[in-house]
Amino acid sequence: MSSLLARFAENGFWMARYMERAENLARILDVNESFARDNRGEQDWLPIVQLHDDEQDFFRRNPEATAEAVIAFYINDRENPNSIVRSVGAARENARSLRHLLSIEVWSQLNVFYKFVSDLRPRDLRLADLSYVCQDLKEGCQLHTGIVEGTTFRDQGWVFYQLGKLIDRADQTTRLLDIKYHRLLPTKMDVGSPVDVSQWNALLRSVAGYHAYRRVRPSGMTPETVAEFILMHPSFGRSVVSCLRQIQQYLALLKDDPSLVYVKFEPDGLTELEALSAYSIEVAVSEGLHEYLDRIQVNLQRLANAIAMSYFGAAPSSGVDKPN
């Protein structure tokens, strides 16, 4: 495995994280729009703000969490560092630092996609059109991932890109599931109702997992079986367990790399993640699914920080975040 400068490893790690973050935020907005179609016509967009700990920044500029305000805040608000336009812009700037290591196709597609996101205007983000916009955003991110997969040399840069992607994917999977648990229907009578089932159906589709779920469970659908599949099924590529297994494989490659023998890496958070991944869904739900998901998120961040401290030679940062 060829050696890579620490700053380039960090750029690749964060390029992947930003693109994964942009795709999953589009998924969260899309699934929340689906959840909003309940039998009372209610729309609750505040959980998205809460899940990203953005209440202070959001309410500083918005009086209430309306659909229009939340959608704009998370898609094209350049003042919001967590918005899709900022994430794609940050991925592009990290890619700029890696131009000598990336294929022309990766750089070209990322520029085209960034222009598409930058050109989105309020009239493009109407609630009636949100699903179509989110589909375009997801496809742009998926195209990036596919081009990287098909054109990137398998060296240390590839390993750090994959680690960034998988850490963020696992984190965002927990956030998508948490959206549903923030919007539990208010009475026990609603659980298992057609509305409730349709929302779990929408959640599966939001993670591109509906058909995979039906291969495992051809009939029936409960909150527990859906949550178990999304979190714990090893053959579902977006599950936390699947991501964690791949993370372990890539960390093993770094550990066995002769050019990195001088690096002392303590995988902070990894032991607890392994323990959490061994939970049954019954135990996770009985202890509180929100708390379980939060523990996964905290330990994924601990692991990301450990990678940054050990391999990038600096305190955790966010790579390059200088969107034009």
Cα-based helix-to-principal-axis angle, 240-255 vs the chain, degrees rounded to 10: 10
Is the shape of the stretch 6-311 rounded, prolate or oblate, going by the alpha carbon gyration tensor and its root eigenvalues a ≥ b ≥ c, with a/c under 1.5 for rounded and a/b larger than b/c for prolate? oblate
How far apart, in nanometres, would the label points at Ser118 and Gln297 be if each is projected 7 angstrom from Cα along the Cα-to-Cβ direction? 3.1
Measuring from the longest principal axis of the C-alpha atoms of the chain, the long axis of helix 194-206 (C-alpha) lies at a number of degrees, nearest 10, equal to 20
Given charges at beta-carbon only (K, R positive; D, E negative), |dipole| of the chain in Debye: 760
Farthest positive-ward along the chain dipole, Cα basis, beta-carbon charges - from Phe229, Ser239, His211: His211
Got the relative contact order for the chain handy, in percent, Cα pairs under 8 Å and 6 or more residues apart? 27
What FRET efficiency do you get for Thr145 and Arg217 if R0 is 41 Å and r is their Cβ-Cβ distance, rounded to the nearest 0.05? 0.90
What number comes out for the charge environment of Ser286, summing +1 per Lys or Arg and -1 per Asp or Glu over other residues with Cβ under 15 Å away? -4
What does the highest-first list of 46-53, 215-222, 154-161 look like by mean Cβ count within 10 Å? 154-161, 46-53, 215-222
Take the alpha carbon gyration tensor of the stretch 73-131, find the square roots of its eigenvalues, order them as a ≥ b ≥ c, and report rounded if a/c is under 1.5; if not, report prolate when a/b exceeds b/c, else oblate. prolate
What is the local net charge at Gly313, summed over the other residues whose Cβ is closer than 13 Å to its Cβ (Lys, Arg +1; Asp, Glu -1)? +1
Here the residues of the stretch 48-69 lying in the modelled label zone of His290, meaning backbone nitrogen under 20 Å from a point 7 Å along Cα-to-Cβ, are 48-59, 65-66
Given R₀ = 22 Å, FRET efficiency for Leu46-Arg205 by Cβ-Cβ distance, to 0.05? 0.45
Nearest 10, in degrees from 0 to 90: the angle of helix 156-182 to the longest Cα principal axis of the chain is 10
If each residue of separation counts as 0.36 nm, what is the full-extension length gain between Ser235 and Leu127 once their alpha-carbon separation is subtracted? 35.5 nm
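No value in this document is a laboratory result; all are computed from the given coordinates. Quick caveat, the model's predicted, so the values are computed rather than measured. Because the Cβ atoms are built from the backbone with ideal geometry, glycine has one as well, and the counts that use them run over all protein chains shown.
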